[in-house]
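Structure first, commentary second.
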Amino acid sequence: MNNTLFIGPDALPALAEMVRRPAVSQVWVLADSNTARQCYPLLQPHLPAEHTLIEIPAGEEYKTLATCETVWNQLTEQRADRYALLLNLGGGVVTDLGGFCAALYKRGIRFVQVPTTLLAQVDASVGGKTGVDFLGFKNHLGVFQEPAAVCIEPRFLETLDPRQLKSGYAEVVKHWLIADATAFAEHRQQGMFVEDWTPIIRESVALKQRIVEQDPLEGGLRKILNFGHTVGHALESYLLLQPGREILHGEAVAAGMVCEAWLSHHKGLLSSEELDKVETFLFSIYDKAQFVTLETDAIADLARQDKKNAGSVINCTLLKAIGQAVYDQPVTVTEIAESLRYYHRL
Ligand SMILES: NC(=O)c1ccc[n+]([C@@H]2O[C@H](COP(=O)([O-])OP(=O)(O)OC[C@H]3O[C@@H](n4cnc5c(N)ncnc54)[C@H](O)[C@@H]3O)[C@@H](O)[C@H]2O)c1
Ligand SMILES: O=C(O)C(=O)C[C@@H](O)[C@H](O)[C@H](O)COP(=O)(O)O
Ligand SMILES: [Zn+2]
């Protein structure tokens, strides 16, 4: 990866230095309605007086092309040129959508990710996946585009809702399940009692970066970062289209990881002892996702749109042990529906 990563108290001062470079013509900040209010005050002192704030509504339902158009309209009306720099201040919705807007505007302007949720700090801001949802399918339109820098200030987490913190923790647990059995074993004992998130953020980002560096465009190995997402995205998409039933990305991934751990066991890869450890840990943190057995076929069917698939084959990332993932494991819609019914019965 060719970008610069800052984590901790030096992150915003480093950003301050970057935005003042002569090669930057204009500074733009993209925030959602919550981060504009709760996070922008911490960022603002590090910016030049001349900058423009673009605000979008908060929430996954606004991670759409329509929202991108409002961003592109403002950039165009105020004549942002190719030397403009866009700072994406927010959770994964803002970093994904802002990165996508920057990548397409005038064929690409530079952007910096300034993640403000745990989920965006440990996962979404890193690795260059940008995009928006389309026709209800998650990240259906997008490009791989690395930001000029990622600036992670853990103090942003001080205003974050505990439910959002838990949602982000699911991606941390995912990293342990796919590549760090030792960390999983340590944290299994203590649960989600964390006083200082900084070491967890550093380790999670380093783990993700190690994988992305080897396969930035997801030709193979990077697919392990998608553990829990074949089922998780299907569930998230299904509930997103039903007002009042939406669940958070991390909550869907947590449910997806239980289902895909079961699929791993069902395929003879993961032992029943390890399946039990995964389930017990996840259920000690997350409430059960709400769906009824009658809905499992419809949810499973949405996995046909997963980006890891090849033709009609649904390729899932499974575990052969805690800390060891394998990608491109074919599963059927029927097996996915069965995994959802298993989850429902637990
Ligand atoms: N690109 C990637 O690699 C990647 C990885 C994981 C997830 N994602 C995407 O990320 C999105 C989920 O991101 P998310 O969980 O951060 O959700 P989000 O961006 O919707 O943020 C969650 C909520 O918290 C609010 N918020 C953000 N920071 C805050 C703060 N510091 N204090 C108070 N409120 C704050 C937001 O306004 C929002 O209401 C999904 O769309 C998912 O697909 C992308
Ligand atoms: O960085 C990756 O690669 C991931 O898969 C990380 C996931 O946590 C993230 O949700 C990602 O946006 C999913 O990508 P998608 O290609 O399945 O849309
Ligand atoms: Zn994810």
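The values are calculated or read from the model by the stated rules, or taken from the named source; none is laboratory data. As the structure is a prediction and not an experimental result, all values here were calculated from the model. Cβ: placed from backbone, ideal geometry, glycine included. Neighbour counts: every protein chain shown.
Here are some notes:
- Filtering region 204-255 to residues that are modelled with pLDDT under 95 and in contact with a Gly (Cβ under 9 Å, 6 or more places away or on another chain) leaves L240, L241, E246.
- Residues that are in contact with a Phe, Trp or Tyr (Cβ under 7 Å, 6 or more places away or on another chain), of a type outside the set (A, V, I, L, M) and modelled with pLDDT of 95 or more occur at least once in region 83-94.
- Residue in region 214-223 that is more than 13 Å from ligand 1 (Cβ to nearest atom), in contact with a helix residue (DSSP H, G or I) (Cβ under 8 Å, 6 or more places away or on another chain) and of a type in the set (A, V, I, L, M) present: yes
- Number of the exception - A49 against (1) part of a loop (DSSP other than H, G, I, E, B); (2) surrounded by 14 or more Cβ atoms within 10 Å (Cβ to Cβ): (2)
- Qualifying positions in region 224-267 - surrounded by fewer than 24 Cβ atoms within 10 Å (Cβ to Cβ) and more than 21 Å from H344 (Cα to Cα): I224, P243
- Number of positions in region 212-248 that are free of Cβ contacts under 8 Å to residues at least 40 places away in the same chain, closer than 22 Å to T130 by Cβ and not charged (D, E, K, R): 3
- Of all residues in region 104-134 being among the small types (G, A, S) and not in a strand (DSSP E or B), the one that is nearest to ligand 3 (Cβ to nearest atom): A124
- Taking each residue of region 51-72 that is assigned by TED's automatic domain parsing to the domain that holds A84 and farther than 26 Å from M18 by Cα and looking for partners that are at pLDDT below 95 and part of a helix (DSSP H, G or I) with beta-carbon atoms closer than 9 Å, six or more apart or interchain, yields E60/L240; E61/L240.
- Any hit, region 142-151, residues being of a type in the set (G, A, S) and part of a helix (DSSP H, G or I): no
- Residue under evaluation S237, criteria (1) within 22 Å of A303 (Cβ to Cβ); (2) more than 17 Å from the chain's Cα centre (by Cα); (3) of a type in the set (S, T, Y), criterion not met: (2)
- When residues in region 52-90 are screened for being of a type outside the set (A, V, I, L, M) and in a helix (DSSP H, G or I), 12 of them pass.
- Candidates are the residues of region 110-134 that are of a type in the set (S, T, Y) and near ligand 1 (Cβ under 7 Å from one of its atoms); the one that is surrounded by the fewest Cβ atoms within 10 Å (Cβ to Cβ) is T130.
- On inspection, L15 does not qualify as surrounded by fewer than 18 Cβ atoms within 10 Å (Cβ to Cβ), under 25 Å from the mean Cα position of the chain (by Cα) and more than 10 Å from ligand 1 (Cβ to nearest atom).
- Within region 114-126, no residue that is within 11 Å of ligand 2 (Cβ to nearest atom) sits with its Cβ atom under 8 Å from a residue that is among the acidic types (D, E) and part of a loop (DSSP other than H, G, I, E, B) at 6+ positions apart or across chains.
- Scanning region 314-339 for residues that are among the aliphatic types (A, V, I, L, M) and more than 16 Å from ligand 2 (Cβ to nearest atom), we see that the one that is surrounded by the most Cβ atoms within 10 Å (Cβ to Cβ) is I322.
- Qualifying residue in region 135-151 (condition: within 15 Å of ligand 3 (Cβ to nearest atom), in the same structural domain as A58 (by TED's automatic domain parsing) and crowded, with 24+ Cβ neighbours inside 10 Å): yes
- Exactly one residue out of I178, I152 is touching a residue at least 60 places away in the same chain (Cβ under 8 Å), within 18 Å of G250 (Cβ to Cβ), of a type outside the set (D, E) and more than 13 Å from ligand 1 (Cβ to nearest atom): that is I178.
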